[in-house]
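Everything below concerns the one structure shown next.
The values are calculated or read from the model by the stated rules, or taken from the named source; none is laboratory data. Here the structure is a predicted model, which means the values were calculated and not measured. Using ideal geometry, Cβ is built from the backbone for each residue, glycine included, and neighbour counts are taken over all protein chains shown. Keep in mind that these areas ignore ligands, DNA and RNA; they rest on the heavy atoms of the full protein, side chains included. Shrake-Rupley method; radii C 1.70, N 1.55, O 1.52, S 1.80 Å.
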Amino acid sequence: MTLLQTLSTDSLSSMDSLAMGAEAKNIGLLDLLIKGGYMMAPLYLLFVLAIFIFVQKLITLNKAAKTPGHLMDQVKVLVQSGQIEKAKMLCAGENTPVANMIAKGVDRIGSPLKNIEVSIENVGKIEIYKLEKNLGLLATVSGAAPMIGFLGTVTGMIQAFISIAQEEGMVSPKLLSSGIYEAMITTAAGLVVGIVAYLGYNYLVTQVSKLVHNMEYTSIEFIDLLQDK
């Protein structure tokens, strides 16, 4: 009798395993995302937000980096020849952080050198703020997404064990494993969103640093021009 019960139990387990295997083969990516539960909703929103911020900042930084390399040379020639208005118009036509800083310096020509430096620094601070805007939000997404994913896993595991506790008799391995893998989906999704946001954030920070360095170099070069004038 015991042998028959053992064989019956093994048979049921094998059938459950085969059913799970067949179900796993038929589950697509979209089905997995849907099975993640309601905690997937904020992860979807964070992913869309991260992509939106990354694309927006990438466009902004690409525009900001398009200052012609010969701009400073042209401004130098115009300033030394006394054509201040032409120098202003040249900078105004570029509309980039570097050009805006130079334009402010040209506009202040005739003032004490210290005042010109302060004016350029103030414009630089404003331009840097524009470049760094929303980067902090992207960093927040990179940290919050994995935490939300873990929270979804914990709540999913709680629900899975509640369902197991409510089962009468022998607990089906299918019920246990399906509840666990559905709960783990949110962890995977949270990590994916967090990694994407983190990589995007670090890339943008690197690009901003390059632009800031270029702005500082240009401002120093412009001040040297005024000193030599």
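Between the range 182-201 and the range 95-130, the C-alpha centres lie 42 angstrom from each other.
Legend: distances between Cα atoms for Lys88/Lys130; Lys63/Lys130; Lys104/Lys133; Lys88/Lys210; pairs beyond 18 Å are Lys88/Lys130; Lys104/Lys133; Lys88/Lys210.
Packing, taken as the mean count of other beta carbons within 10 Å per residue, orders the peptides 184-196, 203-215 from highest to lowest as 184-196, 203-215. Expressed as a whole percent, the accessible surface of the range 77-156 that belongs to carbon and sulfur atoms is 60, based on a 1.4 Å probe. The candidates Tyr201, Tyr129, arranged from most to least accessible area with a 1.4 Å probe in the full protein assembly, appear as Tyr129, Tyr201.
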